[in-house]
Amino acid sequence: VLFRSLPTIADAAVGIVLAAEGYPDGPRTGDPIAGLRFAEEAGGLVFHAATAALGPDRFQTAGGRILTVVALGADLAAARLNAERAADRIGFRGMQRRNDIAAAASPEGTGPDGTAPVGAPGRGAAR
């Protein structure tokens, strides 16, 4: 069989990229990442991109786009809120949130600088 049906759900999903200090020009590396377990407990699914394992449940930054935190919701606004809440639990030095990626599909759109509107959950958050 060349094509198979994939299971689908009615929920929307939003992913928020967490990037390193200095990204994209010169990302800082080697910073410990905290809160991954707490993000998952808050309903987030955390995808690793530029991380290095230091041991069981211990990671550090190792490039530009460090993690993507994904969450579900009944619609895009709910999914985005859930993803922001999960991402709130993660921290590393100089962390930048790429809220603008999810904001482009969101009903409220983006702010004048291409990021989430002022007052949106997690706007400009950095740890």
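The values are calculated or read from the model by the stated rules, or taken from the named source; none is laboratory data. Everything quoted here is computed from the prediction, not taken from an experiment. Note: ideal-geometry Cβ built from the backbone for every residue, glycine included; neighbour counts use all protein chains shown. Only protein heavy atoms, including side chains, enter the accessible area calculation; ligands, DNA and RNA are left aside. Shrake-Rupley method; radii C 1.70, N 1.55, O 1.52, S 1.80 Å.
Just to confirm my filter: which strands (runs of 3 or more DSSP E) fall fully inside the stretch 1-103 and include at least 2 residues that are out of contact with any Asp or Glu (no Cβ under 7 Å at 6 or more places or on another chain) and at pLDDT 95 or above? I'd like the intermediate steps shown before the answer.
Numbers: elements: 12-19, 45-48, 51-55, 58-61, 65-73, 96-98.
Result: 12-19, 45-48, 51-55, 58-61, 65-73.
Mind listing whichever residues of the stretch 22-38 are under 20 Å from E84 (Cβ atoms) and either open to solvent by 40 Å² or more (accessible area, probe 1.4 Å) or of a type in the set (S, T, Y) (or both)? Once the filter is applied, which keeps residues that are under 20 Å from E84 (Cβ atoms) and either open to solvent by 40 Å² or more (accessible area, probe 1.4 Å) or of a type in the set (S, T, Y) (or both), the stretch 22-38 yields Y23, A34, R37, F38.
Among residues of the stretch 33-51 that are closer than 20 Å to A79 by Cα and of a type in the set (V, I, T), those with a Cβ under 7 angstrom from a residue that is assigned to a helix (DSSP H, G or I) and at pLDDT 95 or above, sequence gap 6+ or separate chain, pair up as V46/L36; V46/A39; V46/E40.
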